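Comments concern the structure below.
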Amino acid sequence: MAAKLLVALAPLIVLGGSGCGGQHFHKTNNLIILDRSIGGASLQETRSQAEKSLGTGRVLSTGRQGTQVAYRGGGLIVCHAEHPLRAFIMKTTSPAFHTASGIGVGSSFKKLNSIRGITCYGGECQHGYHAHGRPGTGFGLDAPQGKVVWIGIGFGH
């Protein structure tokens, strides 16, 4: 089971948290919707759709696996697949983003574990990823049963 988690979370772990310069965004949405969106950026939306709600992003890298774009001062990284150019991974290390129940970066393991359907393996937890190609949310912890240090949403494989 732990191996399945690592495979599902691998794209989120690899997706770095590179910073970028200041930028302007249109409206502030700090909500994380499990298995779906962070701060108004949703899985499967195009880059132009993301930029309507987040403002212009800064391209961090472009390669075989897509284009990584930083939004909101680097607090949100979205990886857009090349063909079609749609969001397939997003990650944050910013405490500004949170679920409706207040869970975000900096939350305790106890609070994180209150999410129905969450499964934890050492320093990582997941919600969703029930089958190949299905969306899920990963939570990285600073230590087993520690605090949340990153949150990522993507598709399992």
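Quick notes
- Per-region count, segment 57-81, residues among the aliphatic types (A, V, I, L, M), touching a residue at least 24 places away in the same chain (Cβ under 8 Å) and closer than 15 Å to Gln44 by Cα: 2
- All told, Gly106 falls short of being surrounded by fewer than 20 Cβ atoms within 10 Å (Cβ to Cβ) and in contact with a Gly (Cβ under 9 Å, 6 or more places away or on another chain).
- Every residue from segment 72-102 that is among the hydrophobic types (A, V, I, L, M, F, W, C), assigned to a loop (DSSP other than H, G, I, E, B) and either modelled with pLDDT under 95 or in contact with a Pro (Cβ under 7 Å, 6 or more places away or on another chain) (or both): Ala81, Leu85
- Residue match in segment 115-126 (condition: surrounded by 20 or more Cβ atoms within 10 Å (Cβ to Cβ), closer than 20 Å to Ser42 by Cα and at pLDDT 95 or above): yes
The values are calculated or read from the model by the stated rules, or taken from the named source; none is laboratory data. Worth saying up front: this structure is predicted, and the values here are computed from it rather than measured. Every residue, glycine among them, receives a Cβ derived from its backbone with ideal geometry; neighbour counts consider all protein chains shown.
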